[in-house]
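Asks: Okay, here's the structure, questions in a sec.
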Amino acid sequence: MMNGSSLPKEIVNGLTDALTLGDKEAAVRITQQALDLGIKPLTLVQEVIVPTLTEVGTRFENLDIFLPELMAAGEAGNACTALIEQAIVKSGNLMQSEGTVVIGTAKGDIHDIGKNIVISLLKAHGYKVVDLGKDVPAARFIDEAETNHADFIAVSALMSITRAGCREVADLLRDRGLKEKYLYIVGGGSITQEYSDEIGANGFSETGSGAVELVKTLIASKRGA
Amino acid sequence: MYANDRLVEVFQRSRSGQYMKEVEYDLLLARRTQELVKEYNITFDPQNVCPADDSMADRVFQAGLQLFVDIGAYHLDTQRVIKFSRDEILDALRHAPDTLYLGEGRDMVIARHRNIEDPTPPLNLTGPAGQPCSEEHYLELMISYAQEPYVHAIESGATLTYNGMDIMANTLMEVKAVQRDAATAREAIRRVGKPGMHIGDAATGMTAVGKMAASEPVNLLRPCDGRLVAQMCEMKVNDDQLIRVPHLLNYGSHIINLMTPLTGGVGGGPTGVAVVSVAETLMGVVCYFATYHYLSITHIKWTNNSDPWGMYVLAMAGQAMARNSHIVWTNDPFCVNGAGTVENLYEVAGHAIIGAVCGYQEHGVGSTGGNIVDHHTGLEAGWQGEVGLAATRSGITREKANEIALKLLPLYKDTFNNPKLGQPFHELYNTLTITPKQEWQDCYRHAKETLTKLGLTFISGPYD
């Protein structure tokens, strides 16, 4: 059995390189090797996968790399995480995450690049993300949040005439008596802080990295409350 | 080759093409684009944002054509890939129009294909360009565009509310808002004595229902006007966009292929996005039957195209299409700074000059990255037309355009991360006389003085 604090150098370097390069096959192969060596799955997540994907996210925010590299790293990370989840389930434990975010674009809005960037960054920071995709009706956000025991509902709207979908979610949360149960955050090109305040959302961010910070702050506040 | 009805063929292939998950398509596009950039030796030098390189322009075209042949268009609803052969694409390109009649009567303008360093000045087909607008000042705002002497067509903005209520896509509220805004655009051109001016779009409409609701030949949009059919980044279509095509063809209206390729996005850096821009233009020709095209390059972080990447993509994609096709297309400057700032006018000017020498008609302007309500006015839109005309009349070459653009860049590049948002329309204009206030006119004169020193010869302007 390996000690979690002293992972073999070749595993750390190999997995870091594979994730950074978005080499899904190599990332999965090395993850499997690590698990076969008896490395604790969560150690692998916390000491290699999360820091590597965080670094990739930072490099994207700084425009050192482009969206395809971020996406490829995210896909490789997803594949590793899926493998690790299987290992954890086999061991009879539960996968720990920083929190669960149900996310999608507002009803009528099919622009999802911003949402996808936020998803990549949230995953990189250890959050479980349930991606509902594009053009999502208000009721579905809430139903999926209930099903997945989510902490957050996140809605993105790029276009001015789709931002009304954000208000619909806020109204439905209120009307169903769930406003206090979930942290509701909004973003996208058509959303402003004023609009977020007006509809009663818990937070708004203009950027992907800002969204991660917002989620961290809100969940810390909620758990500390 | 496709059957005699290409549109039906587009539909059939959207139902029978290869199934692929969206993320797989994105990664395929990213990978193939980078391979083609290397294969065709397409290079970017930040000191040469407007290369005078015919050979590279041709290679960008060939790479873009090959990209479209290789990966096709992605249909978001069916998750299938719509592919066309090289012969089919080139055949559609040959049949695309090279001359357009925009508007009607005395106010009609003729938009022709433009070549590199074309001596014919570009038209300026402008307006709020889909930016968010309040309903309170919408008529006055539209008049501010239509009245400008160097404006030849207007396109409506996207209003946020209808009688103070949110407008929701694909509901009766969208239809009511679109009909109101199309009527307002027509009223604006009537008020300024240009009742036949071309109206490029009813941008409040985001869905097919909304766009089609503007088709009404007396009070709303006429066949001599146009409507946008958009691509989703990158090279993606859906049924909602395609539905518009047979409607607009039957109505006899102009079809405008809207592309918003992301620099730093799936296409990668500037070289890749230049290739993707060509592929998207060809896709608009084949799938949308576009009569003309808006190339609205968008930086993934700042949502502008006044940075070196945006200028390079504009220059290379423009030259590629100018040399290898006869289509009509437009640039679309998007700035980080807002109306009321001289930096906004510098951003517009750099883009307009490169556009004018690289084969475009002019379209735009987007201010504050298209984000802030009403932070745009007719002045900067008219300025774009004036600069485009001056660039042509001054015999600006690609080399000179590059020199001017690089001299303008330091005057605004520090604002990319901290934009100057300026002021809203109703604070920059006297809304009764619809005249820019002194401070906004001062910015115009200051920018004009700078551009004159850099080598542009202006004739006369509205705020000299």
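Asks: Please tell me if B:Gly382 is in a loop (DSSP other than H, G, I, E, B), at pLDDT 95 or above, crowded, with 24+ Cβ neighbours inside 10 Å and touching a Phe, Trp or Tyr at 6+ places or on another chain (Cβ under 6 Å). Quick ask: steps written out before the conclusion?
Replies: On the way: in a loop (DSSP other than H, G, I, E, B): no; at pLDDT 95 or above: yes; crowded, with 24+ Cβ neighbours inside 10 Å: yes; touching a Phe, Trp or Tyr at 6+ places or on another chain (Cβ under 6 Å): yes.
Answer is no for this residue.
Asks: Pick from segment B:141-185 the residues that are charged (D, E, K, R) and more than 21 Å from the chain's Cα centre (by Cα): which of them is surrounded by the most Cβ atoms within 10 Å (Cβ to Cβ)? Steps first, please.
Replies: Applying the first criterion (charged (D, E, K, R)) to segment B:141-185 yields B:148, B:155, B:166, B:174, B:176, B:180-181.
Next cut, more than 21 Å from the chain's Cα centre (by Cα) only: B:166, B:174, B:176, B:180.
Values: B:Asp166: 20, B:Glu174: 25, B:Lys176: 17, B:Arg180: 19.
Among residues in segment B:141-185 that are charged (D, E, K, R) and more than 21 Å from the chain's Cα centre (by Cα), the one surrounded by the most Cβ atoms within 10 Å (Cβ to Cβ) is B:Glu174.
Asks: Please work out which residue is nearest to B:Thr341 (Cα to Cα), limiting yourself to segment B:437-464 and to residues that are touching a Ser or Thr at 6+ places or on another chain (Cβ under 7 Å) and of a type outside the set (A, V, I, L, M).
Replies: B:Cys443
Asks: Run B:Val275 past the list (1) assigned by TED's automatic domain parsing to the domain that holds B:Ser325; (2) closer than 25 Å to B:Arg80 by Cβ and report the number of the one that doesn't hold.
Replies: (1)
Asks: Output the residues belonging to segment A:139-174 that are modelled with pLDDT of 95 or more and small (Gly, Ala, Ser).
Replies: Within segment A:139-174, A:Ala145, A:Ala150, A:Ala154, A:Ala170 meet the criteria.
Asks: Kindly list the number of the only condition in (1) within 14 Å of chain A (Cβ to nearest Cβ); (2) within 22 Å of B:Ala405 (Cβ to Cβ) that fails for B:Leu27.
Replies: Failing condition for B:Leu27: (2).
Asks: If you don't mind, there's one more thing I want to ask. Got a sec? Which of B:Met316, B:Met283 is more than 13 Å from chain A (Cβ to nearest Cβ), more than 25 Å from B:Ala405 (Cβ to Cβ) and surrounded by 23 or more Cβ atoms within 10 Å (Cβ to Cβ)? Steps first, please.
Replies: Values: B:Met316 fails: more than 25 Å from B:Ala405 (Cβ to Cβ).
One residue alone meets the criteria, B:Met283.
Asks: When you go through B:Val286, B:Val266 one by one, which is the residue that is outside the structural domain of B:Tyr74 (by TED's automatic domain parsing), touching a helix residue (DSSP H, G or I) at 6+ places or on another chain (Cβ under 6 Å), closer than 21 Å to B:Ile82 by Cβ and in a helix (DSSP H, G or I)?
Replies: On the way: B:Val266 fails: in a helix (DSSP H, G or I).
That would be B:Val286, the only listed residue that is outside the structural domain of B:Tyr74 (by TED's automatic domain parsing), touching a helix residue (DSSP H, G or I) at 6+ places or on another chain (Cβ under 6 Å), closer than 21 Å to B:Ile82 by Cβ and in a helix (DSSP H, G or I).
Asks: For segment B:423-460, which residues satisfy the criterion of being within 20 Å of B:Gln147 (Cβ to Cβ), touching a helix residue (DSSP H, G or I) at 6+ places or on another chain (Cβ under 7 Å) and surrounded by 20 or more Cβ atoms within 10 Å (Cβ to Cβ)?
Replies: B:Phe425, B:Leu428, B:Tyr429, B:Ile434, B:Pro436, B:Trp440, B:Cys443, B:Tyr444, B:Ala447
Asks: Taking the criterion of being assigned to a helix (DSSP H, G or I), farther than 19 Å from A:Ile113 by Cα and either at pLDDT below 95 or not aromatic (Phe, Trp, Tyr) (or both), would at least one residue in segment B:219-229 satisfy it? I'd like the intermediate steps shown before the answer.
Replies: Restricting attention to segment B:219-229, the residues satisfying the condition of being assigned to a helix (DSSP H, G or I) are none.
No, there is no match, as no residue in segment B:219-229 is assigned to a helix (DSSP H, G or I), farther than 19 Å from A:Ile113 by Cα and either at pLDDT below 95 or not aromatic (Phe, Trp, Tyr) (or both).
Asks: Working carefully through the options B:Asn124, B:Asn115, find the one that is buried (at least 18 other Cβ atoms within 10 Å of the Cβ), away from chain A (no Cβ under 14 Å) and either farther than 30 Å from B:Val23 by Cβ or touching a His at 6+ places or on another chain (Cβ under 6 Å) (or both).
Replies: Being buried (at least 18 other Cβ atoms within 10 Å of the Cβ), away from chain A (no Cβ under 14 Å) and either farther than 30 Å from B:Val23 by Cβ or touching a His at 6+ places or on another chain (Cβ under 6 Å) (or both) holds for just one of B:Asn124, B:Asn115, which is B:Asn124.
Asks: A:Asp36 versus (1) more than 15 Å from the chain's Cα centre (by Cα); (2) modelled with pLDDT of 90 or more; (3) closer than 25 Å to B:Thr33 by Cβ: which is the lone unmet condition?
Replies: (3)
Asks: Among the residues of segment B:30-49, write down those that are away from chain A (no Cβ under 14 Å), surrounded by fewer than 17 Cβ atoms within 10 Å (Cβ to Cβ) and not acidic (Asp, Glu).
Replies: B:Lys38, B:Asn41, B:Thr43, B:Gln47
Asks: Do we find that B:Pro419 is in a loop (DSSP other than H, G, I, E, B), within 26 Å of B:Thr120 (Cα to Cα) and not aromatic (Phe, Trp, Tyr) in this structure?
Replies: Working: in a loop (DSSP other than H, G, I, E, B): yes; within 26 Å of B:Thr120 (Cα to Cα): no; not aromatic (Phe, Trp, Tyr): yes.
No, not satisfied.
Asks: Let me ask something else about it. Taking the options A:Glu85, A:Glu69, A:Glu55, A:Glu61, name whichever one is closer than 30 Å to B:Met206 by Cα, surrounded by fewer than 19 Cβ atoms within 10 Å (Cβ to Cβ) and not assigned by TED's automatic domain parsing to the domain that holds A:Gly188.
Replies: On the way: A:Glu85 fails: closer than 30 Å to B:Met206 by Cα; A:Glu69 fails: closer than 30 Å to B:Met206 by Cα; A:Glu55 fails: closer than 30 Å to B:Met206 by Cα.
Exactly one of A:Glu85, A:Glu69, A:Glu55, A:Glu61 is closer than 30 Å to B:Met206 by Cα, surrounded by fewer than 19 Cβ atoms within 10 Å (Cβ to Cβ) and not assigned by TED's automatic domain parsing to the domain that holds A:Gly188, namely A:Glu61.
Asks: Next up: For segment B:286-313, how many residues are within 14 Å of another protein chain (Cβ to nearest Cβ) and touching a strand residue (DSSP E or B) at 6+ places or on another chain (Cβ under 7 Å)? Walk me through how you get there before you give the answer.
Replies: Restricting attention to segment B:286-313, the residues satisfying the condition of being within 14 Å of another protein chain (Cβ to nearest Cβ) are B:296, B:298-304, B:307-310, B:313.
Those still in the list that are touching a strand residue (DSSP E or B) at 6+ places or on another chain (Cβ under 7 Å) too: B:296, B:298-300, B:303-304, B:307, B:309-310, B:313.
Within segment B:286-313, residues that are within 14 Å of another protein chain (Cβ to nearest Cβ) and touching a strand residue (DSSP E or B) at 6+ places or on another chain (Cβ under 7 Å) number 10.
Asks: Determine which member of the set B:Leu406, B:Leu428, B:Leu379 is more than 21 Å from B:His363 (Cα to Cα), hydrophobic (A, V, I, L, M, F, W, C), touching a residue at least 40 places away in the same chain (Cβ under 8 Å) and in contact with a strand residue (DSSP E or B) (Cβ under 8 Å, 6 or more places away or on another chain). So that I can check it myself, show each step before the final result.
Replies: On the way: B:Leu406 fails: in contact with a strand residue (DSSP E or B) (Cβ under 8 Å, 6 or more places away or on another chain); B:Leu379 fails: more than 21 Å from B:His363 (Cα to Cα).
Within the list B:Leu406, B:Leu428, B:Leu379, the selection yields B:Leu428.
Asks: Suppose we keep only residues that are among the small types (Gly, Ala, Ser) and closer than 15 Å to B:Thr291 by Cβ within segment B:247-266. Which one would you say is surrounded by the most Cβ atoms within 10 Å (Cβ to Cβ)? Working first, answer last.
Replies: Step one: of segment B:247-266, the residues among the small types (Gly, Ala, Ser) are B:252-253, B:264-265.
From the residues that got through so far, the ones that are closer than 15 Å to B:Thr291 by Cβ too are B:252-253.
Values: B:Gly252: 11, B:Ser253: 21.
Among residues in segment B:247-266 that are among the small types (Gly, Ala, Ser) and closer than 15 Å to B:Thr291 by Cβ, the one surrounded by the most Cβ atoms within 10 Å (Cβ to Cβ) is B:Ser253.
Asks: Further, regarding this structure: Identify all residues within segment A:69-117 that are within 13 Å of chain B (Cβ to nearest Cβ), hydrophobic (A, V, I, L, M, F, W, C) and closer than 21 Å to A:Pro51 by Cα; write none if there are none.
Replies: Result: A:Leu70, A:Met71, A:Ala72, A:Ala73, A:Ala76, A:Ala79, A:Ile117.
Asks: Can you name the helices (runs of 4 or more DSSP H) wholly within segment A:120-225 that have at least 1 residues being crowded, with 22+ Cβ neighbours inside 10 Å and away from every other protein chain (no Cβ under 11 Å)?
Replies: On the way: elements: A:138-147, A:164-175, A:193-199, A:208-224.
Hits in segment A:120-225: A:138-147, A:164-175, A:208-224.
Asks: In this structure, is B:Tyr360 crowded, with 24+ Cβ neighbours inside 10 Å and either closer than 16 Å to B:Cys443 by Cβ or at pLDDT below 95 (or both)? Give the steps one after another, and end with the answer.
Replies: Details: crowded, with 24+ Cβ neighbours inside 10 Å: yes; either closer than 16 Å to B:Cys443 by Cβ or at pLDDT below 95 (or both): no.
No; evaluated as a whole, the condition is false for this residue.
Asks: Within the set of pairs 6 or more residues apart or between chains, which connect a residue that is closer than 9 Å to B:Met142 by Cβ and more than 13 Å from chain A (Cβ to nearest Cβ) inside segment B:172-192 to a residue that is of a type in the set (Ser, Thr, Tyr) and crowded, with 19+ Cβ neighbours inside 10 Å with Cβ atoms less than 6 Å apart?
Replies: B:Thr184/B:Tyr138; B:Ala185/B:Ser156
The values are calculated or read from the model by the stated rules, or taken from the named source; none is laboratory data. Here the structure is a predicted model, which is why all the values come from computation and not from measurement. Cβ sites come from the backbone with ideal geometry, for glycine too, and all protein chains shown count toward neighbours.
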